[in-house]
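This report concerns only the one structure given below.
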Amino acid sequence: MIPPAVFNIVREDMERFLEPTLALSGGRENLSTVWHRLATGEYQLWMCFDDENNVEGVEVTRIEQYPLNKMLNLIFTGGTNLENWHEELVEALEVFAKANGCAGLEGVGRLGWQRFLKNYGWKVNNVICEKLFDIEEDLEEKRNVA
C-alpha cells in the first residue's frame, strides 16, 4: 500500500495506469475525484513494481461497510503484465482486508475479468448491467419540448 506521504512521487505512474480504467467508469469518477478520496483516506492506493522498480500495476480499493459485514472493494485496476503481479497483490489485499475486519474481497468490472479471476479462485456471483443516460441530450430534448 502506498502511504499518502509519497502520493506526489507516484502520481504520474498512478494516473498513467488509471486513466484508461477511469475512462470506462461511465463518468462516475475521474483522476480528481480519486485523488480527493485517496487524500481523505476513503480510498487506498496500491502499486506493484517489477525487479527494476518500475510500476507495473495500480489498484485503488475502498472498505465497504455493509449492514452485516465489511468487504474490501477493488475499485480500479490498471497496469501491464497482470500475471506477474496479480497474485502478490491479492495476497497483500487479503492481509489488509482481514486486518480491517473485512469478510472478503469484491470488485465490479468488465466481463473479461471473470476469465482471468476464475484461475485464482474467484467466482462470478452477479453481473451488474447499466443504462447510462446522456444528461446533455436529455436537457436538450426538454428545452425543445418547452
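The values are calculated or read from the model by the stated rules, or taken from the named source; none is laboratory data. Note that this is a predicted model, so its numbers are computed, not measured. Heads up, the Cβs are rebuilt from the backbone with ideal geometry, glycines too, and the neighbour counts pull from every protein chain shown. Accessible surface is based on the protein model in full, side chains and every heavy atom, while ligands, DNA and RNA are left aside. Shrake-Rupley method; radii C 1.70, N 1.55, O 1.52, S 1.80 Å.
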(message) Solvent-accessible area of W46, probe 1.4 Å, all protein chains present, reported in Å² to the nearest ten, please.
(response) 20
(request) Please find the FRET efficiency linking L31 to E52, where r is the Cβ-Cβ separation and R0 is fixed at 25 Å, and quote it to the nearest 0.05. (result) 0.45
(message) With every protein chain left in place and a probe of 1.4 Å, what is the accessible surface of E19, to the nearest 10 Å²?
(response) 100
(request) Can you sort V108, V55 by 1.4 Å-probe accessible area, starting with the largest? (result) V108, V55
(message) Taking 0.36 nm per residue of sequence separation and subtracting the Cα-Cα distance, how much length would be gained by fully extending the chain between E87 and L105, in nm to one decimal?
(response) 5.1 nm
(request) Bin width 5 Å, alpha-carbon pairs only: give the P(r) of segment 1-96 as whole percents, running from 0 to the bin holding the largest distance. (result) 2, 12, 25, 26, 20, 11, 3, 1, 0
